[in-house]
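What follows is a set of notes on a single structure, which appears directly below.
The values are calculated or read from the model by the stated rules, or taken from the named source; none is laboratory data. On a predicted model such as this, the values are computed, not experimentally measured, just so you know. No Cβ is skipped: glycine too gets one built from the backbone with ideal geometry, and neighbour counts run over all protein chains shown. We work out accessible area using only protein heavy atoms, side chains counted, and drop any ligands, DNA or RNA first. Shrake-Rupley method; radii C 1.70, N 1.55, O 1.52, S 1.80 Å.
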Amino acid sequence: MYVERIDWAEQRHGVAVARHPGIDGAVDALTPFLSPQHRFLRAAWFGAADGGDAATLIAWRGDDTPLAAIPTIGFGPALVGARTVPGSYWPFRALPIAADASAEELADFLAHPVTLGALGQVWRLGPTYADDPATQIFSRAAAMAGWTVLSRPLGQTFIFDPATGWPRASTRRRLANYARQLQQQGAVTIESVRGARWSAALLDDLSAIEQASWVGRATDGTGAKFLSETRRADWRRVLGDPALAQMLMATVLRVDGRPIAFSFDLLTPPVQYSIASSYDEAFAAYRPGKLVTAHLVGQAAALGIDRIDFGSGDSGYKREMGAEAGSRIVDLLLVRNRAASSLLQLRWGPECAIAAEAYRTASLLRHAARARKGRSRIDMLMAMGAIAAAAISFGE
């Protein structure tokens, strides 16, 4: 581990930075300092501790309380040297940032030599929510530190208030009728599992449902969350963290013990994030997915949930339930060289507005500093070349 403390109490707010190999457990020290909806951003969420070229940057304040962390892995062609923030899946791949962090503190973190050396010329943060306060302050801080923040849209999330009265009386009657018809096929049970009750067998049940769903039958399975042994192994690793095992919940509908539908959710009260859901196509006529959703809505208040985030896509049934459009989902690319970022804008997207304003505010000071530094032309050309290569390859 390489650690460098910087003692710039007046100019740099006393921020200290360390680079750790792998996805370091020190990330978990940030959990008590995060906003409630970000407390799932723990080391296990970001990936395997010994994952290949993974590295973790940790920043502390002068009083030794943690400020923020940036776990990254390699992204794109190795020649480019780009990095990306990993994550298990939705809701988003935000960064663990103390809820009271200032833009100035984060800018010092992002401008520190250890940070610049670890992140290189280009790195990615996303998918994330455009109006997430941590993402907004981080984008502003990145621009203050000299990064250009590019943004491309990935969709829009839908937010549902479980107290709105869904299912309505007519919908309840239809669901009750579906449940009675389903009971003619066998004994029907719906159960929610979390915490110590998670097991490998339960993950296998979720896999069996996906196998029998349209995703398993009509696609190559890349959109499935549990279908492959590799993905189930990833979730077993995540669930090995007791804190995350308590936050993650599977709600499973069974007929005579056979699993036929599930919802997989992340609980960070007062918000519940819907990560995945699926059902066995053989039982589609009985609306098993809606039966599971109604069960989740019914238990929301007891779990301290007043907002369910349904994620993006399939807006029809979500709007029918009363869900409303929520945050825009964006994918951010942070580029160190301002001029070269124009190449990447052609493939990625325009500069993030909140970062552009911060960049303009700080640009005069940065230009003066660069002039004094006398950055060599060959260094600039090398940076331009690396980012031009990135512009060609980052077309996903």
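Yes/no matrix, rows are residues, columns are (1) charged (D, E, K, R); (2) open to solvent by 40 Å² or more (accessible area, probe 1.4 Å); (3) in a loop (DSSP other than H, G, I, E, B):
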| site | (1), (2), (3) |
| --- | --- |
| Ser274 | no, no, no |
| Lys290 | yes, yes, no |
| Ala302 | no, yes, no |
| Ile308 | no, no, no |
| Lys318 | yes, no, no |
| Ala325 | no, yes, no |
| Leu332 | no, no, no |
| Ile354 | no, yes, no |
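Residues that are surrounded by fewer than 21 Cβ atoms within 10 Å (Cβ to Cβ) and part of a helix (DSSP H, G or I) occur at least once in segment 146-162.
Tell me yes or no: at least one residue of segment 168-175 is surrounded by 15 or more Cβ atoms within 10 Å (Cβ to Cβ), of a type outside the set (Phe, Trp, Tyr) and not in a helix (DSSP H, G or I). Looking for residues that are surrounded by 15 or more Cβ atoms within 10 Å (Cβ to Cβ), of a type outside the set (Phe, Trp, Tyr) and not in a helix (DSSP H, G or I), one finds none in segment 168-175, hence no.
Only a single criterion out of (1) closer than 27 Å to Arg39 by Cα; (2) open to solvent by 60 Å² or more (accessible area, probe 1.4 Å) is not satisfied by Ala224, namely (2).
Candidates Gln183, Gln211: the one that is open to solvent by 60 Å² or more (accessible area, probe 1.4 Å), within 14 Å of Pro259 (Cβ to Cβ) and polar (S, T, N, Q) is Gln211. When segment 186-202 is limited to residues that are touching a residue at least 40 places away in the same chain (Cβ under 8 Å) and outside any strand (DSSP E or B), the one that is most open to solvent (accessible area, probe 1.4 Å) turns out to be Ala196.
Checked against the criterion of being open to solvent by 20 Å² or more (accessible area, probe 1.4 Å) and within 15 Å of the chain's Cα centre (by Cα), segment 23-36 contains one or more residues that satisfy it.
For segment 276-288, the tally of residues that are in a helix (DSSP H, G or I) and either open to solvent by less than 30 Å² (accessible area, probe 1.4 Å) or closer than 14 Å to Asp265 by Cα (or both) stands at 2.
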